[in-house]
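Notes follow once the structure below has been shown.
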Amino acid sequence: MKSIPIEEGKFYHIYNRGINGCTIFNEKENYIYFLKLYEKYIEPVAETYAWCLMKNHFHLLVYIKFESDIKTSDLLYNTVEVPKKINASSQFSHLFNSYSQAFNKKYKRTGSLFEANFERKPVENKIYFRDLIFYIHNNPVHHQITERLQDYSWSSYGSVISIKPTKLQRENIIGHFDTAQNFIDYHNNKHDFNSIAGLLFD
């Protein structure tokens, strides 16, 4: 199936997993390196609203910037020439390819690390947006990695409820829940995770 293109000015749920469900994050350094590459390739072309990295998959909620809002000086390609037209899909491909090459080299493995095409699903209404943030942040609880959202290090939940500086779109996120306390309460309520997942991936 041909993947839908990523269009500027739209929100997307971006997600993928290790090929055949294989592990893509073995240790702390892997998570850190993925986020470093994310900052390099994705932050110049997208605003981030939620993210979660799990041992064998990840979820992102992003808004794709208009090309006129992208500063080519922020595209850290080192010695590689910056293309005249910035393509968000290519930026994600750069992220995943760079991470895969480093991961394979570190662990002496060969072949694909991720599924062939990363998934991208447009986010087209406020209810979907709110439920998607809940779904992304609750992945570690659902998979029984942790009992409390705030105890999981590799998601954006802690950045939203913190007062520390962040590149995450904190104020806009909280705005969808009206207040920070409502954001916390909504995440801690016993929503039916599987029912929400069913609606999100329908």
TODO: Only residues that are more than 13 Å from Ile136 (Cα to Cα) and β-branched (Val, Ile, Thr): list them for region 29-54, please.
DONE: Ile32, Ile42, Val45
Open item on the list: I'd like the full set of residues that are free of Cβ contacts under 8 Å to residues at least 12 places away in the same chain, on the phi < 0 side of the Ramachandran plot and more than 19 Å from the chain's Cα centre (by Cα), limited to region 166-197.
Closed with: Gly175, Thr179, Gln181, Asn182, Asp185, Asn189, Lys190, Asp192, Asn194, Ser195
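Looking at region 116-131, can you tell me whether even one residue there is closer than 18 Å to Ile42 by Cβ and modelled with pLDDT under 90? Let's see the steps before the verdict.
Restricting attention to region 116-131, the residues satisfying the condition of being closer than 18 Å to Ile42 by Cβ are 117-123.
Add one more test, that the residue is modelled with pLDDT under 90, and what stays is 117.
Yes, region 116-131 has at least one match.
So for region 144-152 (the condition being over 16 Å from Phe25 (Cβ atoms) and within 16 Å of the chain's Cα centre (by Cα)), does at least one residue qualify?
Step one: of region 144-152, the residues over 16 Å from Phe25 (Cβ atoms) are 144, 147-151.
Next, only the ones that are within 16 Å of the chain's Cα centre (by Cα) stay: none.
Checking region 144-152: not a single residue is over 16 Å from Phe25 (Cβ atoms) and within 16 Å of the chain's Cα centre (by Cα).
Residues are listed down the side, and each one gets a yes or a no for (1) closer than 18 Å to Ile14 by Cβ; (2) buried (at least 17 other Cβ atoms within 10 Å of the Cβ); (3) not small (Gly, Ala, Ser):
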{"site": "Ile136", "(1), (2), (3)": "yes, yes, yes"}
{"site": "Arg148", "(1), (2), (3)": "no, no, yes"}
{"site": "Ser153", "(1), (2), (3)": "no, no, no"}
{"site": "Ser162", "(1), (2), (3)": "no, no, no"}
{"site": "Gln181", "(1), (2), (3)": "no, no, yes"}
{"site": "Asp185", "(1), (2), (3)": "no, no, yes"}
{"site": "Asp192", "(1), (2), (3)": "no, no, yes"}
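The values are calculated or read from the model by the stated rules, or taken from the named source; none is laboratory data. If you're wondering where the values come from, they're calculated on a predicted model, not measured in any experiment. Here Cβ is always computed from backbone atoms with ideal geometry, including for glycine, and neighbour counts include all displayed protein chains.
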